[in-house]
1. Taking just the alpha carbons, could you work out the radius of gyration and Dmax for segment 488-630, both in angstroms?
2. Over 25 Å between C-alpha atoms is what I'm after, so list which of Lys518/Lys565; Lys502/Lys555; Lys565/Lys624; Lys496/Lys518; Lys192/Lys502 land there.
3. What is the spin-label model distance, in nm, from Thr569 to Phe96 if the labels are put 7 Å beyond Cα along the C-beta direction?
4. Taking amide hydrogens as modeled 1.01 Å from N in the peptide plane, which residues meet the under 5 Å criterion relative to His487, leaving out close sequence neighbours?
5. Quote the FRET efficiency, to the nearest 0.05, computed for Ile381 versus Met27 with a Förster distance R0 of 41 Å and r equal to the Cβ-Cβ distance.
6. Whole-Hz ³J(HN,Hα) for each residue in segment 621-628, computed from phi via Karplus 6.51 cos²θ - 1.76 cosθ + 1.60 with θ = phi - 60°, x for glycine and proline: what do you get?
7. How much length is gained if the chain between Trp12 and Ile316 is pulled fully straight, taking 0.36 nm per residue apart and subtracting their Cα-Cα distance, in nm to one decimal?
8. At Asp515 and Asn418, where each label point lies 7 Å from the Cα along Cα→Cβ, what is the point-to-point distance in nanometres?
Amino acid sequence: MGAILVPRDYLWLYSTHIILVCLYLIMTKRLIALFLTLLSLILIILSELPNDPSFPLSVGQTVFFDTEEKALSIEYNEAPNFSCLQTNCQVSVVYFLPDGTRQTLNNVALSFSITPLETQAQGRVTRIVLPNKNGAWWERNLYIRRQVAQLDIHFLESDVDRLEGSVFSLRDSLIDRLDVRLDQFSNWRFSKALLLGQDDLWSERDTWIVRTLGLAHLFVVSGLHTGFMFVIGGVISRAFWQLSPGRVMLSGITRWHFDALIVIPLLFAYAYLTGWGEPVVRAAIMLSVYLCARMLALKLSPYHIITFALWLVLLIEPRSVLSPGLWLSFSMVYLLIGFSQNSTGILRLLMVQVMLSTASMVLILGWQDEISSVSILVNIILIPLAAFFWFPLGMISCVEVLLFNSTYLYSGLEFSLNYLVYAIEWVVFSLPLLVFESYSSAIPRILMLCLVCYWVYQSPLKRGWGVALVVWCVLFLSMIFNVPEAHFSITNKDNKLILIDKGRVALSNGWAGNDLNKLDFSWYLNKEKQKENGQNKYILSPNVLADFSPEVWLKHDIDWVLLGKEASTNMQTMLTALQVNWFIIAADETLTFYFQNDQILLRHSSCVYSFFLFKSDTCRRVEKLESVLNYMQN
């Protein structure tokens, strides 16, 4: 973790710390811990060797894609001096279908060729994105997946058709056969997501339904699905154990040996079928460690098993420490064990689902605007239904399709799914939704996570439910206290100030440019009253603030300007001298306007938790604007 998270400039401090840890382990004669530490250090050094920062491609260059080898060739007269080409580096290729659908191919081998084949698909590089551990999320994803670059390539339409018809692996061939036979069933889109974690057949409507009901974890392959496979493998292992001859039992082989020999390969076969998704691999490692411990008759606590599995995951791929899914997966398992280790009754299982749903709502805060009021109840019903009916029958149906090319079993499953999907749609469109409170700071989420951990720690005491009520109140604050609906808001997205009125984008300084008349949003401030009582002018920040001289500001009689970032000292001095008020709406922050009882209420997202003694300069300026607006109204 330290080798990845520590900035490169401080690696000397990290290495010094590791040396001190090794000396301490030697002094205390903890040889096993010393061995594991040295093993971790050696593997992290081998996996994180410094790479050549150069890249042998440029925008506009022609490349050739081999659909059989899943390789991207670069035409060169002689081999370029690029170390990655000698170490089988991989890139991510992005292209677009004729209908505009974006397609991505990961782990494409990069090589050079003096004479590329005519049968290869030819394309032109239109954009190059390089990995960056400290960059934007898409750059970090490239770094985590060890992709040397992401290449946006424009292919001819005929070549795009060839790419779409290409099969790169056994897994792609199996999924293609399933799609050909089962695509005629309308609910195969949900079954495919449940069984294989692929939602490429979903519409935007399907995605909204699943997220609003809090069922995203059910249709994205995760530890839950690996648990389903674990149960199926356990049933198969038990059948083999009961049918095995008596001499096998007398030889000292136990049922746990059967589980390890049958279930572990089945788990990793499922991981391969689902594309080695990180959650599935993590769960497979955890369950494999558990089975090996039982087979070797080792008495280990669940926490020790999970922690050892976490070490193995980081040992195999150290960069996964930057993946949010790693911490979401393991933290949920830790909470699950901590909450359910005291008892396993039906009521207790219901409480576990309430706890997991609450924790997941805290974690998705800021990524989702609303959730169904019956989300917890829907999860309680659908998870057992998927575990004991949908998932096993779906897997057996897929085996039937692959072995016998028939769909008899899935036809019966489809009949039941029609009623289930109808019930799901009725629930999401008929029952009320709960709107999440929006917070720009990470502080409330951290506090709520601490409260959830305290809830688990206090379980099964009743005082833990008081903590749960506090978390729910914070999550749905605006609904509980009936905060009036926002009239309009101004938000900073991608360093552009955007005015959103009744759910639609009404104004943006991105398209208004430096036209001060177009940047004026005074008309939105209580349209009728503003015309009668005031002439103040309020504008969004121009694209290039430095281009405006004092004469321009005086000519347009600007009173307030909303900035997207902090202005230079000279600009702040000039605005103050011209008596032009200003404050900042920084990246991902929002200023919301509420109209209530002939008053205008302002709410800046960074000022929600500011106490009167510790208010920032921005919060004080927002209060000043609110006072000015209400004075003008009166």
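1. Looking at segment 488-630, its Cα Rg and Dmax stand at 14.5, 40 Å.
2. Lys502/Lys555; Lys192/Lys502
3. For Thr569 paired with Phe96, the spin-label model returns 4.6 nm.
4. Phe593, Tyr594, Phe595
5. Using R0 = 41 Å, I get an efficiency of 0.10.
6. Coupling constants for segment 621-628: 5, 5, 4, 5, 4, 4, 5, 5 Hz.
7. So the chain would gain 107.1 nm between Trp12 and Ile316.
8. So the label points at Asp515 and Asn418 sit 5.5 nm apart.
Throughout, read-outs are computed from the coordinates displayed, never taken from laboratory work. The structure presented is a predicted model; accordingly, all values stated were derived computationally and were not measured. Reconstructed Cβ throughout: ideal geometry from the backbone, glycine too, with neighbour counts over all protein chains shown.
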